[in-house]
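Step one of this worksheet: look at the structure below.
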Amino acid sequence: MKEFPHLHPRCAEKMSLSTEERLTEISSPRWIGYPKAHQILQKFEDLLRHPRVARMPNLMLVGRTNNGKTDLVQRFCQSHLPDPNAEGGRIIAPVMYIQAPPSPNEADLYATILSSIYERVPSASTSAKRTRTIQVLKDIGVKVLCIDELHNSLAGSTLKRQHFLNAIKNLGNELRISFIACGTEDILRAISIDPQIQNRFQPILLPKWKFDQDYRQLLRTFEAVLPLKEPSNLHSGLLGRKIYATSEGSIGELSLLLNQAASFALNSGEEKITTDIISSCGYTPPSDRSREASRNI
Ligand SMILES: Nc1ncnc2c1ncn2[C@@H]1O[C@H](COP(=O)(O)OP(=O)(O)O)[C@@H](O)[C@H]1O
Ligand SMILES: [Mg+2]
């Protein structure tokens with residue numbers, strides 16, 4: 001009979017490792033596919049394949065913090081890494097990733113783009129930075145520019161915000177590229193000041209998880225990749241609900257809680273996650289964390 005039938009074969013192979021090594025395995029980054037993630041990645045791929053037209057479509061991935069937006073966009077970027085030796089030794093990078101600048105400043109946007117590809121940022125005017133950015137993005141053949149945490153750039157006055165959004169719109173028009181912007185719900189309100197931008201960014205929502213079939217499947221997948229000897233049945237009634245209630249519905253918190261619980265189960269020799277371990281592994285739910293922080297300020 002197969003040993004460790006509750007584990008994915010690749011994880012079962014790791015069961016001969018030492019406790020220390022299994023603890024490292026638990027805290028190593030991992031990406032777990034789920035139906036909504038696959039749908040979103042497909043939309044990203046469709047955007048990349050879209051023919052170059054005068055008004056390119058764009059996407060806006062919207063969701064609460066810690067819900068997997070950055071991981072999704074990074075995964076898309078990873079499957080379209082730059083080719084350093086394309087035609088004639090030129091670098092070709094169809095997909096690029098930047099973190100939005102912390103305020104709605106057009107020059108900072110260009111500086112961020114240029115530094116992300118190790119280009120020197122001209123110290124001259126905003127328009128010099130803009131010209132250089134357009135040249136470089138043309139040269140490397142960018143088709144999709146991902147702008148993460150866009151809500152950060154959209155604070156400040158309406159006028160500044162409008163100016164910043166215009167800069168994005170103009171880059172899109174001039175280069176015939178698409179954008180994938182990511183942000184929290186604030187971003188939807190922020191872009192509503194510009195109907196043109198609003199119309200050209202199709203929102204994709206990454207909502208808070210519900211305790212449903214997909215969530216239970218996600219728990220099964222987590223269980224299969226956490227190197228514990230005994231089955232925990234994370235998806236089962238009481239334990240599943242307790243995990244859901246404790247981690248408050250985001251995949252980032254779920255991952256944090258399960259990593260902490262799995263490490264506790266391993267250190268204690270129990271080798272499986274139980275409702276008691278969920279309570280005693282030292283994990284603090286996000287709402288308790290913010291309550292504690294506000295009490296101490
Ligand atoms: N598909 C996934 N599989 C496993 N863990 C994930 C996945 N997506 C997100 N996470 C976890 O959630 C954390 C937060 O994700 P992130 O993409 O940074 O959220 P956001 O950008 O929405 O704030 C990540 O560090 C990772 O630990
Ligand atoms: Mg993020």
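The values are calculated or read from the model by the stated rules, or taken from the named source; none is laboratory data. Since the structure is predicted, the reported quantities are computational estimates derived from the model, not experimental observations. A quick note on method: Cβ atoms are made from the backbone with ideal geometry, for glycine too, and the neighbour counts reach across all protein chains shown. Surface accessibility is based on the protein's heavy atoms, side chains included, excluding ligands, DNA and RNA. Shrake-Rupley method; radii C 1.70, N 1.55, O 1.52, S 1.80 Å.
Between Ile243, Gln135, Ser290, the Cα set farthest toward the positive side of the dipole of the chain (charges on each charged residue's Cβ, about the Cα centre) is that of Gln135.
Summarising the amide proton neighbourhood of Leu61: residues at separation of 5 or more, or on other chains, whose placed amide H is nearer than 5 Å comprise Ala181, Cys182, Gly183, Ile204. In the stretch 35-205 the Cα-Cα distances spread across 5 Å bins starting at 0 as 1, 8, 18, 22, 22, 16, 8, 3, 1, 0 percent of all pairs. The angle between the Cα long axis of helix 106-116 and the longest principal axis of the Cα atoms of the chain comes to about 60 degrees, rounded to the nearest 10. Taking R0 as 45 Å, what's the FRET efficiency between Arg30 and Asn173 from their Cβ-Cβ distance, rounded to 0.05? So, using R0 = 45 Å, E works out to roughly 0.70. Once the Cα atoms are used to define both axes, helix 126-139 deviates from the longest principal axis of the chain by about 70 degrees. Axis angle, to the nearest 10 degrees, between helix 158-175 and the longest C-alpha principal axis of the chain: 80 degrees. Using the Cβ of Ile277 as centre and a radius below 14 Å, the other residues enclosed give a net charge of -3, where K and R count +1 and D and E count -1. One decimal place: the segment Ser290-Glu270 gains 4.1 nm when fully extended, by the rule 0.36 nm per residue minus the C-alpha distance.
The label point for Glu185 and the one for Val136, both projected 7 Å from the Cα toward the Cβ, are 3.7 nm apart. Of Lys43/Lys242; Lys14/Lys143; Lys43/Lys138; Lys2/Lys69; Lys36/Lys242, which sit over 29 Å apart, Cα to Cα? Where the Cα-Cα span goes over 29 Å, the pairs concerned are Lys43/Lys242; Lys14/Lys143; Lys2/Lys69. Were the residues from Leu81 through Arg10 laid out at 0.36 nm apart, the gain over their Cα-Cα distance would be 23.0 nm. Rolling a 1.4 angstrom probe over the stretch 35-205 with all protein chains present gives an accessible area of which 51% lies on carbon and sulfur atoms. Listed values for the stretch 280-295 are Karplus-derived 3J(HN,Hα) couplings in whole Hz (6.51 cos²θ - 1.76 cosθ + 1.60, θ = phi - 60°), namely 10, 7, x, 7, 10, x, x, 5, 5, 4, 6, 5, 4, 4, 5, 5, and x replaces Gly and Pro. Rounded to the nearest 500, the 222 nm mean residue ellipticity of the chain from helices alone is -15500 deg cm²/dmol, with -39,500 (n - 2.57) taken per DSSP H run of at least 4 residues. Taking a Cβ cut-off of under 12 Å around Pro122, the surrounding Lys, Arg, Asp and Glu residues balance to a net charge of +3, with basic ones at +1 and acidic ones at -1. Classify the stretch 34-121 from the C-alpha gyration tensor, please: rounded if a/c falls under 1.5, else prolate or oblate depending on whether a/b exceeds b/c. Judged from the Cα gyration tensor, the stretch 34-121 comes out oblate (a/c at least 1.5, b/c at or above a/b).
Shape descriptor for the chain: Rg over Rh equals 1.04 (Cα atoms; Rh from the Kirkwood inverse mean 1/r).
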